[in-house]
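For reference, the structure is listed below as structure tokens.
The values are calculated or read from the model by the stated rules, or taken from the named source; none is laboratory data. The model shown is predicted, which means the values in this text are computed figures rather than measured ones. Cβ placement follows ideal geometry from the backbone for every residue including glycine, while neighbour counts extend to all protein chains displayed. With ligands, DNA and RNA removed, areas are computed over all heavy atoms of the protein, side chains included. Shrake-Rupley method; radii C 1.70, N 1.55, O 1.52, S 1.80 Å.
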Amino acid sequence: MPPENDAPPALPDDPVIATGTPLRPDLVSGLAPDAAFAIWQVLRTLRLWTAEPERRRDAMFDAAYMETWERALLTGSLDAEVRFPLAVIVGELAVHPAGEGRLSWACVCVADWALGHGAVRAGLAFAEAAALASPLQARYAWLAGRLLRTHGEGRLAERWLRRAYRLAVSQKDGETQARALTALGNLSMQRGSFPAARGLHTRALRISRRWRLREQEGMALHDLFVIAQNEGNREEADRFARGAVAAYRASPRLPRLVHDVAYSWIGQGYAGRALNVLEALRPHFTNPDLAVRLVANLARAAGATGDRALFHRYREEALALEPRLETREAVAAALLEMGYGAVALEEWALASELAASAAEAARLHGEANVLVMAEVLADAVARRDAASVDEVVPERRTTVPAGDQFAAEMVMLLAEAGETV
């Protein structure tokens with residue numbers, strides 16, 4: 001990562017970034033033929049335009065043809081949410097110079113529509129196109145990187161996020177600096193590199209405080225809490241968690257933090273306390289990708305308290321959510337958590353099945369940390385001896401007043417929060 005005063009190059013210095021990822025045959029899979037054809041045509045034309053130096057774009061396309069194409073899109077039968085931004089893109093490519101802001105915003109609209117209709121690769125391609133159309137705008141580079149990371153394209157995501165950071169530094173955009181560092185830190189955590197993640201999130205915290213970005217400060221503290229918890233530093237984790245709650249009090253991000261704190265209590269042996277807090281989160285996790293992880297953790301907590309019926313109820317609910325998922329990001333972790341719950345109840349066959357499924361999903365998504373934990377769980381289930389089981393199912397502990405008070409405070413804050421995630 002460059003120092004904070006490092007200026008970016010005038011153009012992307014990575015050839016993959018400079019041209020965007022290749023247009024693959026499966027780019028428009030899952031879309032209706034008319035939408036697939038329109039999106040492919042517009043994206044291909046846009047890629048040709050972004051690949052050319054600005055001085056050579058003036059005579060690239062015939063104005064009369066582009067006007068006819070734009071009119072056909074506007075009056076066509078495609079969903080209005082996609083045909084209008086596609087028409088804007090075609091219209092902007094017909095003039096010189098094109099309006100970069102309008103062009104990039106239209107690309108973001110198409111990306112949002114495509115992701116909402118299950119065309120993930122088309123959505124990611126248009127997110128990249130938005131950044132390519134405005135190559136000196138840090139926030140479009142950050143958006144492309146964040147979406148690529150969310151959908152499992154880690155290597156390309158890192159390139160875009162590093163570019164976003166360099167641009168943000170040169171433009172004195174503190175918020176995008178912090179967001180890019182946070183996303184890079186989360187990518188490092190996903191890969192299991194916690195020391196690198198700690199360094200990135202610490203830098204994000206410092207920048208957030210310098211620019212007085214309260215929500216970004218909460219995000220950095222939240223991520224540092226997760227790292228400290230994974231490293232077994234409970235005192236530091238508690239300090240980060242309380243700081244993040246203070247920063248998030250009026251933020252819609254509060255439920256995610258509360259979820260992670262409650263989850264940490266399961267691993268410490270306070271499953272009963274965690275179960276109460278996780279149940280208070282149910283109204284706040286309406287997105288299927290978040291809900292599946294929450295319900296899987298409820299299953300684990302129920303198993304850890306010995307409630308077999310509640311464990312199976314939540315397990316079945318988590319499995320029922322799978323067809324509604326927008327991404328596969330939460331699948332491996334959800335399967336792993338349910339595996340822990342099955343071990344706590346000594347349902348060995350089910351635990352073995354869940355561990356194997358979690359490992360397979362982690363391999364597909366490149367989640368090294370989850371893969372290691374799934375393999376440890378599978379080994380513990382295979383041996384079934386007391387020592388190996390204790391590695392994955394902590395002994396139940398008697399709750400302590402300070403922790404119970406913190407839990408009650410978070411439940412109260414959740415009751416006051418009106419937004420869902």
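Separation of segment 159-193 and segment 303-348, taken as the distance between their Cα centroids, equals 33 angstrom. Evaluated at q = 0.07, 0.10, 0.12, 0.14 Å⁻¹, a Debye calculation over the C-alpha positions of the chain (equal weights, vacuum) places log10 I(q)/I(0) at -0.39, -0.76, -1.02, -1.26. Size descriptors for segment 274-319 (Cα atoms only): Rg and Dmax, in that order, 9.7, 28 Å. Solvent-accessible area assigned to carbon and sulfur over segment 238-335 amounts to 49 percent, based on a 1.4 Å probe.
Magnitude of the charge dipole for segment 248-303, about its Cα centre and with charges confined to Cβ atoms of Lys, Arg (+1) and Asp, Glu (-1), is about 100 debye. Applying 0.36 nm per residue to the separation of Thr21 and Gln41 and subtracting their alpha-carbon distance, the gain on full extension is 5.6 nm. About its Cα centre, segment 76-156 has a charge dipole of approximately 240 debye under the convention of +1 per Lys or Arg Cβ and -1 per Asp or Glu Cβ, with nothing else charged.
Using every pair of distinct Cα positions in segment 293-421, the Kirkwood expression returns a hydrodynamic radius of 15.6 angstrom.
Longest stretch of the chain clear of exposed loop sites (trypsin sites (Lys or Arg not before Pro), DSSP loop, at most 13 other Cβ atoms within 10 Å, sites excluded): 1-171.
Summing Cβ point charges (Lys, Arg +1; Asp, Glu -1) relative to the Cα centre of the chain gives a dipole of roughly 900 debye.
Between the alpha-carbon centres of segment 239-287 and segment 357-379 there is a gap of 24 Å. For segment 58-134, what class follows from the C-alpha gyration tensor (a ≥ b ≥ c being the square roots of its eigenvalues): rounded when a/c is under 1.5, otherwise prolate if a/b is larger than b/c, else oblate? Cα axes put segment 58-134 in the oblate bin. The alpha-carbon atoms of segment 179-221, seen along their principal axes, cover 30, 14, 13 angstrom, with the largest extent given first. Quantify, in whole percent, the carbon and sulfur part of the accessible surface of segment 64-194 (1.4 Å probe; protein heavy atoms only). Summing carbon and sulfur atoms, their accessible area is 51 percent of the total for segment 64-194. Heavy atoms of the protein chains alone define the surface here; on that basis the chain has 45 Å² accessible area per residue at 1.4 Å probe size.
Summed over qualifying helices (DSSP H, 4 residues or more, each -39500 (n - 2.57)) and divided by its residue number, the chain shows a 222 nm mean residue ellipticity of -23500 deg cm²/dmol. Could you tell me which of rounded, prolate or oblate describes segment 73-200, using a ≥ b ≥ c as the square roots of the eigenvalues of the alpha-carbon gyration tensor, with rounded for a/c under 1.5 and, failing that, prolate when a/b is larger than b/c and oblate otherwise? Oblate, because a/c is 1.5 or more while a/b does not exceed b/c.
Over the C-alpha atoms of segment 139-277, the Rg to Rh ratio, Rh being the Kirkwood estimate, stands at 0.99.
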